[in-house]
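Trainee: Below are the structure tokens for one structure; questions will follow.
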Amino acid sequence: MDILKDIAEHVQHMAEIISETFSMDVEIVDSNFVRIGAAGVVGKKINQAVSFGTTTREVLDDPKIIVVESKSNHFCSICPGRKKCPYYGGIVAPVLYNNEAIGVINILGYYKEDMEKLINNQHRLFNFIEKITNMISLKIKEIETKLICQKVQDDLPYGLIMINHNGIVQSTNNEANYLLAREKNLLGKHINEVLGRDINLFENMEQSIEIKITNSKDRWNKNDNVDIHVEAVNQKNNLLGFLITINKKKNNKEEKIEVGNETRFLERIIGESSAIKEMKQKTARFAKSSSTIILEGESGTGKELFAEAIHYNSNRSTKPFIPINASAIPESLVESELFGYEKNTFTGADRDGKIGIFEAANGGTIFIDEIATIPFYLQRKLLRFLENKEVFRIGSTKPRKLDVRIVTATNEDLKELVKEGKFRKDLYYRLNVLSLRIPPLRERGHDILILADYFLHKFCLELKKENVFISKHTKNLLLNHVWEGNIRELKNVMEFAVHDLKDNRKEIKTENLPSYLMEDLVTNQSFINNEDEKNVASIEQYEKNILNNLINEVRAGKETMSNVAKTLGISRSTLYRKIKSYNLKA
């Protein structure tokens with residue numbers, strides 16, 4: 001675990017504070033036994049591994065403070081480096097994060113007097129260490145929060161730039177860097193320099209400012225047109241800065257793509273089955289509403305693609321679409337991420353405060369995946385927003401009116417969670433105004449092969465392989481696999497198959513698939529589910545057909561019995577027993 005390395009400068013600062021306070025050597029060691037911070041004589045060993053670390057290992061395994069009064073202590077007596085150790089004793093304390101020891105603070109004394117001073121001030125020392133470890137934990141949370149926020153921003157389909165009240169760029173996302181001619185170093189520049197033209201940010205500061213710019217060849221990527229939207233970010237009537245969104249302006253052909261009753265963004269949902277066509281039609285209809293929607297379906301069915309289609313086919317399409325995974329945000333950070341906080345609300349908070357995801361999405365759509373994992377106490381706040389369309393930042397008593405559409409997704413049975421008292425009944429009915437059940441892949445029939453070909457083409461392009469195709473037997477196997485992981489699992493299978501294709505071979509055979517697909521079939525754990533259920537054979541019959549086809553290849557000299565056994569993931573003796581049981585001729 002390298003968490004402490006990510007905040008090495010902060011850790012070193014903490015080591016120096018402890019050392020200066022108690023006039024002793026201090027080292028802060030991570031779970032890999034490497035000194036991330038060190039002060040005093042041991043400071044010259046920073047970034048080096050500790051030589052023995054008997055007490056360090058003990059505290060990492062069983063997080064508690066250990067006082068080593070002298071070398072007669074048990075841990076010193078069993079330490080192989082006892083004779084070479086220059087220290088008389090020390091205090092060893094865990095650095096905890098999420099109730100797990102991620103490192104150790106060692107306060108080291110050279111003399112008996114040093115240890116007597118520490119032990120006499122033991123209560124004060126322990127309180128001091130607790131505050132230091134809390135500061136380290138808060139710093140880690142801050143870094144994790146920034147990474148989560150940056151990930152959310154980078155996943156947005158539009159450019160996002162945060163600037164301070166002086167117009168200096170504080171942060172950008174990937175799409176902004178792309179649209180702005182792929183500039184890499186925008187931080188610290190003035191927004192007018194970044195955009196290549198002067199913009200009066202303070203004009204109509206109380207409102208959002210819509211600015212349309214036609215880019216020029218010398219400035220904008222691919223000579224695209226872009227729409228720029230500027231919104232002031234205020235806190236208690238104080239201007240903190242501006243949030244700027246940048247959208248590529250669509251031409252007439254791009255602005256709306258009609259596919260039957262389906263519109264733009266729905267073409268990204270691949271498939272021709274009746275089940276998926278019905279979902280596309282419902283999605284296009286529901287997009288015209290502002291009502292809340294629940295997307296139900298198993299993991300990996302593509303719920304976020306449907307959420308995007310709902311947003312980009314609505315009248316909110318030029319406003320933010322912000323997807324979040326509720327389970328990916330630490331519970332302690334969920335409230336501040338969603339609703340934001342005022343300045344000086346808690347230790348470690350941004351001194352200027354922070355807007356939450358709801359405010360950032362004003363006018364647009366928030367997609368909350370895994371809604372069932374939202375902490376129960378926050379469900380009340382979400383319900384309040386749905387009822388009153390207002391949020392309170394942490395530390396504020398002033399409501400903020402917002403216009404945000406909520407689309408949620410779950411792979412759990414919310415009704416059952418309501419019965420168990422784990423999900424609010426009133427919130428469930430507020431969220432479940434409209435609902436879409438995204439069908440699992442096994443119910444989509446021939447879409448399995450359409451998606452397999454799509455992923456095959458994608459990975460062949462990446463690996464520069466040409467004219468690759470899927471064999472008939474492999475297609476049969478793909479059609480008859482259960483696909484518990486749905487589209488995500490199919491994508492992984494095809495990526496594996498393309499990588500496994502040796503030399504210049506063009507045909508993907510069953511032997512190129514992950515072995516578990518054949519193992520599931522052979523051990524009768526698979527269930528055949530074709531689109532036309534009348535033609536579904538028993539699992540034994542299907543296995544017999546597979547064996548017969550492979551044996552035919554052996555007769556034709558294209559395969560050997562050893563390769564067939566390897567393909568099926570069974571031994572040769574098991575293969576012969578199955579051939580005999582099905583009355584096949586080898």
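The values are calculated or read from the model by the stated rules, or taken from the named source; none is laboratory data. Note that the structure is predicted; figures quoted are calculated from it, not measured. All Cβ positions, even for glycine, are placed from backbone atoms using ideal geometry, and neighbour counts span all protein chains on display. Just the protein is used for accessible areas: all its heavy atoms, side chains included, with ligands, DNA and RNA removed. Shrake-Rupley method; radii C 1.70, N 1.55, O 1.52, S 1.80 Å.
Trainee: Asp500 accessible area, nearest 10 Å², 1.4 Å probe?
Mentor: Using a 1.4 Å probe on the heavy atoms, I get roughly 50 Å².
Trainee: Roughly speaking, what is the stretch gain from Lys389 to Arg268, that is 0.36 nm per residue apart minus the C-alpha to C-alpha distance, in nm to one decimal? Walk me through the numbers before you get to the answer.
Mentor: Values: separation 121, 0.36 × 121 = 43.56 nm, distance 3.15 nm.
Using 0.36 nm per residue and subtracting the Cα-Cα distance, I get 40.4 nm.
Trainee: Something else now. Please list Ile91, Ile394 in order of solvent-accessible area, largest first, computed with a 1.4 Å probe with all protein chains present. Don't jump to the answer; show the numbers that get you there.
Mentor: Numbers: Ile91 5, Ile394 40 Å².
My answer, sorted largest first, is Ile394, Ile91.
Trainee: Let me ask something else about it. Once amide H atoms are placed 1.01 Å from N in the peptide plane, what residues at a sequence separation of 5 or more from Ala38, or on another chain, have their amide H within under 5 Å of its amide H?
Mentor: Counting only residues 5 or more places away or on other chains, the set is Ile28.
Trainee: Could you order Thr574, Thr474, Thr21 by accessible surface area, starting with the largest, using a probe radius of 1.4 Å? Mind dumping the intermediate values first?
Mentor: Details: Thr574 35, Thr474 0, Thr21 60 Å².
Heavy-atom accessible area, descending, gives Thr21, Thr574, Thr474.
Trainee: Excluding ligands and nucleic acids, what accessible area in Å² is computed for Asp61 using a 1.4 Å probe, to the nearest 10?
Mentor: 120 Å²
Trainee: Taking H placed 1.01 Å from N in the peptide plane, check which residues at least 5 places from Ser273 or on another chain put their amide H under 5 Å from its amide H.
Mentor: So Ser273 has HN proximity to Asp447.
Trainee: Okay, moving on. Provide the per-residue ³J(HN,Hα) series for the stretch 93-101, in order, calculated from phi with Karplus coefficients 6.51, -1.76, 1.60 and θ = phi - 60°, each as a whole number of Hz, with x at glycine and proline positions.
Mentor: 10, x, 9, 9, 9, 6, 6, 10, 6
Trainee: Next question, about the same structure. Roughly how many Å² is the accessible area per residue of the stretch 375-528, as a whole number, for a 1.4 Å probe?
Mentor: Working: 7970 Å² over 154 residues.
Value returned for the stretch 375-528: 52 Å² of accessible area per residue.
Trainee: Another question, if that's okay. Report the rotationally averaged projected area of the stretch 39-173 based on its alpha-carbon convex hull, in square nanometres. Write out the running numbers ahead of the final one.
Mentor: Values: hull surface 48.4 nm².
Averaged projected hull area, Cα only: 12.1 nm².
Trainee: On full extension of the chain, what length is gained from Lys425 through Thr318, given 0.36 nm per residue of separation minus the C-alpha to C-alpha distance?
Mentor: Stretched fully, the Lys425-Thr318 segment lengthens by 35.2 nm.
Trainee: Using the heavy atoms of the protein chains and a 1.4 angstrom probe, tell me the accessible area per residue for the stretch 32-170 in square angstrom.
Mentor: On the way: 7300 Å² over 139 residues.
Here the per-residue accessible area is 53 Å².
Trainee: Which order do His311, His123 take by accessible area at a 1.4 Å probe, largest first? Walk me through the numbers before you get to the answer.
Mentor: Values: His311 0, His123 140 Å².
Sorted by accessible area, descending: His123, His311.
Trainee: Determine how large the accessible area of Lys491 is when every protein chain is in place; take a 1.4 Å probe and give Å² rounded to the nearest 10.
Mentor: 80 Å²
Trainee: Check Leu240: other-chain or 5+ apart residues with amide H under 5 Å from its amide H, H built from backbone geometry?
Mentor: For Leu240, the qualifying residues are Val233, Asn234, Gln235.
Trainee: Now, a different point. I'd like the FRET efficiency for Leu463 and Ser299, computed as 1/(1 + (r/R0)^6) with the beta carbon distance as r and R0 of 25 Å, rounded to 0.05. Mind showing how you got there, number by number?
Mentor: On the way: r = 27 Å, r/R0 = 1.08.
Efficiency for this residue pair is about 0.40.
Trainee: Output the peptides 278-289, 24-35, 62-73 sorted from most to least packed, where packing is the average of other Cβ atoms within 10 Å over each peptide's residues.
Mentor: Values: 278-289: 17.8, 24-35: 21.8, 62-73: 15.0.
Put in order of decreasing packing, that is 24-35, 278-289, 62-73.
Trainee: Rounded to the nearest percent, how much of the accessible area of the stretch 1-119 (1.4 Å probe, protein heavy atoms only) is carbon and sulfur?
Mentor: Values: 2950 of 5970 Å².
Its accessible area is 49 percent carbon and sulfur atoms.
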